1. Being farther than 30 Å from residue 115 by Cα, part of a loop (DSSP other than H, G, I, E, B), within 26 Å of the chain's Cα centre (by Cα) and at pLDDT 90 or above narrows it down to one of 66, 35, 50, so name that one.
2. When you go through 151, 139 one by one, which is the residue that is assigned to a helix (DSSP H, G or I) and among the β-branched types (Val, Ile, Thr)?
3. Taking only the stretch 97-122 into account, find how many residues are part of a loop (DSSP other than H, G, I, E, B), free of Cβ contacts under 8 Å to residues at least 24 places away in the same chain and not hydroxyl-bearing (Ser, Thr, Tyr).
4. Would you mind finding the one in 71, 132, 102, 107 that is surrounded by 12 or more Cβ atoms within 10 Å (Cβ to Cβ), modelled with pLDDT of 90 or more and not hydrophobic (A, V, I, L, M, F, W, C)?
5. In the stretch 101-117, what residues are over 22 Å from the mean Cα position of the chain (by Cα) and among the hydrophobic types (A, V, I, L, M, F, W, C)?
6. Which condition from (1) more than 24 Å from the chain's Cα centre (by Cα); (2) at positive phi is the one that residue 87 breaks?
7. Given the criteria more than 34 Å from the chain's Cα centre (by Cα) and modelled with pLDDT under 90, does residue 24 qualify?
8. Between a residue in the stretch 63-75 that is in contact (Cβ under 8 Å) with a residue 60 or more places away in the chain and within 26 Å of residue 105 (Cα to Cα) and any residue that is of a type in the set (A, V, I, L, M) and in a loop (DSSP other than H, G, I, E, B), which pairs come within a Cβ distance under 9 Å, given they are 6 or more apart or on different chains?
Amino acid sequence: MQDLTNLKPAKGAVKKTKRIGRGQGSGYGGTSGKGHKGHKARTGYSRKRGFEGGQTPLVRRLPKWGFTNPSRVEYKGINLDTLQALADKAGLQTVDVEAMRSNGLISGHDRVKILGRGELKGALEVKAHAFSATAKAAIEAKGGKTELVDIRG
């Protein structure tokens, strides 16, 4: 008969804790399982991240290199052939950032730069954060319009 008065964990589910420093008979007396002397035998020891046993760590062996520009603006490049495919698929005359986002070309807050690979079949009004010179010329040659969108928008 089982009820709440005789509950116990399943066999093998609970291990006895290792009681170190409780005499030689326990098997964990003396040095308490830490060996003899050295860093790891000391109280409060924690190995530093990247520590290589006293050898100069990799992060210090490699030279510093390069520069990260904190004010760099990253753009997601979209080519004219991709724009034409989007316009054909969705039946759009105006392709803006929101249309690209909703059709999976860009994600989140990506900034868009229109690039010049490929050709347009007809006039398209394109709104993006930036345009390459060849893309702008190709869009306007087909009678389309280019409009810059504010980067913060």
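The values are calculated or read from the model by the stated rules, or taken from the named source; none is laboratory data. Quick caveat: nothing in here was measured; it's all calculated off a predicted structure. Every residue, glycine among them, receives a Cβ derived from its backbone with ideal geometry; neighbour counts consider all protein chains shown.
1. On the way: 66 fails: farther than 30 Å from residue 115 by Cα; 35 fails: within 26 Å of the chain's Cα centre (by Cα).
Answer to the check: 50.
2. Matching residue, one of 151, 139: 139.
3. Step one: of the stretch 97-122, the residues part of a loop (DSSP other than H, G, I, E, B) are 103-111, 116-122.
Now drop any that are not free of Cβ contacts under 8 Å to residues at least 24 places away in the same chain, which leaves 103-104, 107-109, 122.
Checking the rest, the ones that are also not hydroxyl-bearing (Ser, Thr, Tyr) come to 103-104, 108-109, 122.
Count: 5.
4. Working: 71 fails: surrounded by 12 or more Cβ atoms within 10 Å (Cβ to Cβ); 102 fails: surrounded by 12 or more Cβ atoms within 10 Å (Cβ to Cβ); 107 fails: surrounded by 12 or more Cβ atoms within 10 Å (Cβ to Cβ).
The conditions single out 132.
5. 114, 115
6. (2)
7. In short, no.
8. Listed pairs, sorted by first residue: 73/151.
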